[in-house]
1. What residue, of L3, L13, is surrounded by 13 or more Cβ atoms within 10 Å (Cβ to Cβ), in a loop (DSSP other than H, G, I, E, B) and touching an Asp or Glu at 6+ places or on another chain (Cβ under 9 Å)?
2. Could you grab me the full set of residues in the range 50-60 that are farther than 23 Å from R123 by Cα and touching a strand residue (DSSP E or B) at 6+ places or on another chain (Cβ under 8 Å)?
3. Please go through the range 36-67 and give me each residue that is free of Cβ contacts under 8 Å to residues at least 24 places away in the same chain and either not aliphatic (A, V, I, L, M) or not in a helix (DSSP H, G or I) (or both), ordered by number.
4. Please find, among V29, V64, the residue that is modelled with pLDDT of 95 or more, in contact with a Lys or Arg (Cβ under 9 Å, 6 or more places away or on another chain) and among the β-branched types (V, I, T).
5. Suppose we filter the range 98-125 for residues that are in contact with a helix residue (DSSP H, G or I) (Cβ under 8 Å, 6 or more places away or on another chain) and not hydrophobic (A, V, I, L, M, F, W, C); how many remain?
6. Out of the residues in the range 106-125 that are among the basic types (K, R) and touching a Ser or Thr at 6+ places or on another chain (Cβ under 9 Å), state the one that is farthest from T34 (Cα to Cα).
7. How many of the residues making up the range 68-125 are in a strand (DSSP E or B) and either more than 17 Å from L40 (Cβ to Cβ) or not acidic (D, E) (or both)?
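The values are calculated or read from the model by the stated rules, or taken from the named source; none is laboratory data. Computed from a predicted structure; not experimentally measured. Here Cβ is always computed from backbone atoms with ideal geometry, including for glycine, and neighbour counts include all displayed protein chains.
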Amino acid sequence: MALRPGLTGHATLRVNDADTALDIGSGDVPVLGTPRLIALCEEATCRAVDGELGAPDTTVAMRVQFDHLSPSSVGSEVRAEATLEKVEGRRLVFSVSAKDSAGLIGAGKVTRVVVGRDTFLRRAR
């Protein structure tokens with residue numbers, strides 16, 4: 001593994017109806033739903049370590065600490081950024097943030113754990 005603090009990843013999303021709190025069941029307003037925003041930030045964490053793990057390994061989310069600060073409407077473009085802050089054995093701690101054209105809309109920490117893909121999937125069955 002070549003995991004080291006400072007690795008970064010990005011992910012973008014053009015908000016559509018399927019991304020709204022109303023559509024995903026996390027609220028009754030037609031704006032970007034918090035679960036979808038967190039998923040975008042998780043995507044950025046995955047991109048930060050893309051190509052840095054051995055073939056049998058992957059990462060899985062273990063903890064999410066996140067503040068959704070501002071709404072984003074359908075049609076908005078949202079960009080999430082993740083930076084690997086700490087490598088503690090198999091545990092990876094990322095700082096994440098998301099912005100739209102109006103500025104910061106969310107920020108927090110995502111902790112992921114490096115696991116063997118096959119072993120993890122066997123345990124899931």
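1. L3
2. Correct list: D50 only.
3. Scanning the range 36-67 gives R36, G51, A55.
4. Numbers: V29 fails: in contact with a Lys or Arg (Cβ under 9 Å, 6 or more places away or on another chain).
Checking each option against the conditions leaves just V64.
5. Taking the range 98-125 and keeping what is in contact with a helix residue (DSSP H, G or I) (Cβ under 8 Å, 6 or more places away or on another chain), we get 98, 105-106, 108, 110, 112.
Next, only the ones that are not hydrophobic (A, V, I, L, M, F, W, C) stay: 106, 108, 112.
Looking only at that region, the number is 3.
6. R117
7. Initially, the range 68-125 is screened for residues in a strand (DSSP E or B), giving 68, 73, 77-88, 91-100, 103-116.
Okay, now just the ones that are also either more than 17 Å from L40 (Cβ to Cβ) or not acidic (D, E) (or both), so 68, 73, 78-80, 82-88, 91-99, 103-116.
Residues flagged as in a strand (DSSP E or B) and either more than 17 Å from L40 (Cβ to Cβ) or not acidic (D, E) (or both) within the range 68-125 amount to 35.
Results for (1) surrounded by 15 or more Cβ atoms within 10 Å (Cβ to Cβ); (2) under 16 Å from T111 (Cβ atoms); (3) touching a strand residue (DSSP E or B) at 6+ places or on another chain (Cβ under 6 Å), shown as yes or no for each residue.
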| site | (1), (2), (3) |
| --- | --- |
| D17 | no, no, no |
| I38 | yes, yes, yes |
| R47 | yes, no, yes |
| M62 | no, yes, yes |
| H68 | yes, no, yes |
| G75 | no, no, no |
| L84 | yes, yes, yes |
| G89 | no, yes, no |
